[in-house]
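The values are calculated or read from the model by the stated rules, or taken from the named source; none is laboratory data. Treat the numbers as computed from the prediction; the structure is a model and nothing was measured. Using ideal geometry, Cβ is built from the backbone for each residue, glycine included, and neighbour counts are taken over all protein chains shown. Ligands, DNA and RNA are excluded from the accessible area calculation, which covers all protein heavy atoms including side chains. Shrake-Rupley method; radii C 1.70, N 1.55, O 1.52, S 1.80 Å.
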Amino acid sequence: MSITGQGNTGSTEELVIEAQEALHYTPPGRMQRVGDHLRREWQLYVLLLPTILWLLIFLYKPMYGLQIAFKDYSVFRGVAGSPWVGLEHFQTLFSNDQFLRAVRNTIYISMLSLIFGFPMPIILALMFNEVLNQFFKKSAQTIVYLPHFISSVIIAGIVITAFSPSAGIVNTALGWFGIEPIYFLTKPEWFRPIFVGTGIWQEAGFQSIVYLAAIAGISPTLYESAVVDGASRWQMMWKITLPSILPTIIIMLIIRIGNMLEVSFEMIILLYQPATYETADVVNTFIYRQGLQGGQYDLAAAAGLFNAVVAFVLVMTANTISKRYSRTSLW
Amino acid sequence: MTNMNLYSRGDRIFVIINMILIGLFALSTLYPFIYITSLSLSTGFEARAGNVILTPVGFTIEAYKQVLSEPLFWTSYANTFIYTIFGTLMSLAFIIPGAYALSRPQLFGRRFWNLTVAFTMWFNAGLIPFFLNMRDLGLLDSYFGIIIGFAVNGFNIILLRNFFEGIPQSFEEAARMDGANEFQVLWKVYMPLSKPAIATVALFCIVSRWNGFFWAMVLLQDEDKIPLQVYLRQVIVELSDDEEFATSLLSAAYSFETVSAAIIVCSIIPILLIYPFMQKYFNKGLLLGGVKE
């Protein structure tokens, strides 16, 4: 069918061109198309602009500032004006015992938190799912979610009080068994168990929400047919619930591995002291002391860059592995 | 409990053991709070001697009198309210429009903008460049610096964006028929429909603002501007190392332990007050975007 009415001789493309000529219409250039789009949709960009500007100013501009990791940074010359020193700071770091110790501690503490902390919310969610009494379930959930909302300063305050050698409940309890008071927070060997334990106490309950949400999405028909087959509650948990939430578990594991180096250093800053640096000092607390307290900005920035790059590689690797083997991934 | 009799003997034992274990876990979560509260209401002598286990020993409110008579406690408490209220409003002012724009299919370069947001969740420049940037912007030691410097969070934007994307097109089309522009669609259609999601994001902001301490500690020098958490740290963490101070209080009606317990209780109370409201939302809220991302 031809718009100009001269018979249908040409291809569709030709027809379109014919039609455009007839209407004195030329297809708009790229610039004009963008211009038209902006004129029509400018409001959308007005809404987006503040957020993007914020990200540029507060999160992307510091990435530009990261170059001081390769510079001899001077406050007076600024980021751009300071002279380049190449990899000098990294060489300094990797011959610095404190930094190497901080790297080891970071890995050690995050591995411990992963091994002991990661399964806990899953176990809790599976257990909550088996509670039939709704009142009991709701009350228990309300309680175990609570510590997530309490600040690390308060949690640290509670830990310090509870583990205090003279007044703390922990030493009082040990006293019942005839054990002499232990100065827990000054003993390097106690730092990791206390820190990891506190983390689990604080977050395990709240993190179970995600798994409970996943469990809520499981089709009831699966359980119904299992009941017909005479499965026990235990078998249903193992054979239906757990496999069904596996994709969620994998996603949470990827997120967890990506954040692995972000051990909650706020809590460490609150709980550690020079006596326990040996086991407690992590990369971020090292950066805090060297950079923000000691003013060695360039060296500390180099340590931060190392941390960020390793973290980024970790999450990419975890995601790729997961994509390949389970077809579950973050992106 | 209705189907209980349908269960086999093994199932019933399983259910009961399960309940006991959950009960124990809940108790172990609750106990430290009870312990701290009892400690705050005990005399300094009994607290020091380690006699407080479950209930207050030698009931007294001296520790609270001590805490509440400290002007810096009240200043920092007021500052926390300022940071929480204005910080949350600031966050919402950036997050809601941004998330809305990112959810629109006609946004040019949508994939790129989304990546710009998501990238900040996985990579950041770190403590030092962030600090130097705040200093270069002249935001050290200022209320405004704390309020704006931590306004946006990639996770919250993506959570809200996912929610907006789930709102059926037909709502928007109806508004467009009536001649609504983007601002009106967001304000009159999307925001009312997204109350639970917005409330969730607001609650995340409130909690992180109320609890935030690290950057306030680093960025604020002036004692008049510090929030409660920084003040708490000064009292609890720094004084716990101060043996001289601790022993000077030995004979008094209050001790270091009871005073820090009292201040802990005072700072938990506001969280406990809004907790029931929060709970209504965060179950729902996390379902919205948390799992998807």
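With a requirement of 2 or more residues that are polar (S, T, N, Q), the helices (runs of 4 or more DSSP H) lying completely within region A:239-331 that satisfy it span A:283-287, A:297-326. Figure legend. Inter-residue proximity from region A:157-173: first residues under 17 Å from residue A:192 (Cα atoms) and touching a residue at least 12 places away in the same chain (Cβ under 8 Å), second residues open to solvent by 20 Å² or more (accessible area, probe 1.4 Å) and part of a helix (DSSP H, G or I), beta-carbon distance below 6 Å, spacing 6+ or different chains. Indicated pairs: A:160/B:240; A:163/A:170; A:163/A:185.
Quick check on my filter: what residues within region B:12-37 are free of Cβ contacts under 8 Å to residues at least 12 places away in the same chain and either more than 7 Å from chain A (Cβ to nearest Cβ) or of a type in the set (Gly, Ala, Ser) (or both)? Across region B:12-37, the qualifying residues are B:12, B:13, B:16, B:17, B:20, B:23, B:24, B:26, B:27, B:28, B:31. Scanning region B:236-246 for residues that are open to solvent by 10 Å² or more (accessible area, probe 1.4 Å) and at pLDDT 65 or above, we see that the one that is nearest to the chain's Cα centre (by Cα) is B:237.
Within region A:163-182, the set of residues being more than 8 Å from chain B (Cβ to nearest Cβ) and either polar (S, T, N, Q) or out of contact with any Phe, Trp or Tyr (no Cβ under 9 Å at 6 or more places or on another chain) (or both) comprises A:173, A:174, A:176, A:177, A:178, A:179, A:180, A:181. Residue check: residue B:188 meets all listed conditions (1) under 24 Å from the mean Cα position of the chain (by Cα); (2) open to solvent by 20 Å² or more (accessible area, probe 1.4 Å); (3) not polar (S, T, N, Q) but one, namely (1).
Tallying residues that are touching a Gly at 6+ places or on another chain (Cβ under 9 Å) and not polar (S, T, N, Q) within region A:133-155 yields 8. Within region A:66-101, being over 15 Å from residue A:296 (Cβ atoms) and in contact with a Pro (Cβ under 6 Å, 6 or more places away or on another chain) holds for one residue alone: A:66. Among all residues of region B:61-72, there is none that is open to solvent by 50 Å² or more (accessible area, probe 1.4 Å), without any contact (Cβ under 8 Å) to a residue 60 or more places away in the chain, within 10 Å of another protein chain (Cβ to nearest Cβ) and farther than 30 Å from residue B:216 by Cα. For region B:198-224, the candidate set comprises residues that are open to solvent by 40 Å² or more (accessible area, probe 1.4 Å) and part of a helix (DSSP H, G or I); within that set, the residue that is modelled with the lowest pLDDT is B:204. Of all residues assigned to region B:247-265, at least one qualifies as being at pLDDT below 90, among the acidic types (Asp, Glu) and either farther than 30 Å from residue B:46 by Cβ or surrounded by 16 or more Cβ atoms within 10 Å (Cβ to Cβ) (or both). It is to be established whether one or more residues within region B:156-177 are outside any helix (DSSP H, G or I), at pLDDT below 95 and at the interface with chain A (Cβ under 7 Å from one of its Cβ atoms). So far as region B:156-177 goes, no, none of its residues is outside any helix (DSSP H, G or I), at pLDDT below 95 and at the interface with chain A (Cβ under 7 Å from one of its Cβ atoms). Taken over region B:47-58, residues that are within 9 Å of another protein chain (Cβ to nearest Cβ) and either open to solvent by 40 Å² or more (accessible area, probe 1.4 Å) or within 16 Å of residue B:265 (Cβ to Cβ) (or both) amount to 6. Selection of region A:124-163 for residues being in a helix (DSSP H, G or I), under 29 Å from residue B:232 (Cα atoms) and open to solvent by 40 Å² or more (accessible area, probe 1.4 Å) yields A:142, A:143, A:148.
One line per residue, one yes/no per condition, for (1) open to solvent by less than 60 Å² (accessible area, probe 1.4 Å); (2) over 33 Å from the mean Cα position of the chain (by Cα):
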| position | (1), (2) |
| --- | --- |
| A:165 | yes, yes |
| A:178 | no, yes |
| A:205 | yes, no |
| A:211 | yes, no |
| A:220 | no, no |
| A:228 | no, yes |
| A:233 | yes, yes |
| A:236 | yes, no |
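Mind listing just one residue for me: the one in region A:29-58 that is under 23 Å from the mean Cα position of the chain (by Cα) and under 13 Å from residue B:98 (Cβ atoms) and, of those, farthest from the other protein chains (Cβ to nearest Cβ)? Ranking the qualifying residues of region A:29-58, first place goes to A:56. Return a yes/no flag: does region A:216-229 have any residue that is of a type in the set (Phe, Trp, Tyr), touching a residue at least 12 places away in the same chain (Cβ under 8 Å), more than 13 Å from every other protein chain (Cβ to nearest Cβ) and part of a helix (DSSP H, G or I). Looking for residues that are of a type in the set (Phe, Trp, Tyr), touching a residue at least 12 places away in the same chain (Cβ under 8 Å), more than 13 Å from every other protein chain (Cβ to nearest Cβ) and part of a helix (DSSP H, G or I), one finds none in region A:216-229, hence no. Inspection of region A:52-68 identifies at least one residue that is in contact with a helix residue (DSSP H, G or I) (Cβ under 6 Å, 6 or more places away or on another chain), closer than 29 Å to residue B:119 by Cα and open to solvent by 50 Å² or more (accessible area, probe 1.4 Å). Conditions first: (1) at pLDDT 85 or above; (2) open to solvent by 10 Å² or more (accessible area, probe 1.4 Å); (3) not basic (Lys, Arg). Residue B:283 passes all but one, so which condition is the exception? The one condition residue B:283 does not meet is (1). In region B:42-63 there is no residue matching the filter, namely being assigned to a helix (DSSP H, G or I) and among the polar types (S, T, N, Q). Counting residues in region B:121-143 that are under 29 Å from residue A:292 (Cα atoms), of a type in the set (Ser, Thr, Tyr), crowded, with 18+ Cβ neighbours inside 10 Å and in the same structural domain as residue B:206 (by the TED database) gives zero.
Whenever a residue of region B:143-157 is touching a residue at least 24 places away in the same chain (Cβ under 8 Å) and over 17 Å from residue B:79 (Cα atoms), its partners that are not in a helix (DSSP H, G or I) and not polar (S, T, N, Q), lying with C-beta atoms within less than 8 angstrom and at least six residues away or across chains, give the pairs B:155/B:293.
Of the listed requirements (1) crowded, with 20+ Cβ neighbours inside 10 Å; (2) of a type in the set (A, V, I, L, M); (3) more than 9 Å from chain B (Cβ to nearest Cβ), residue A:271 misses just one: (3).
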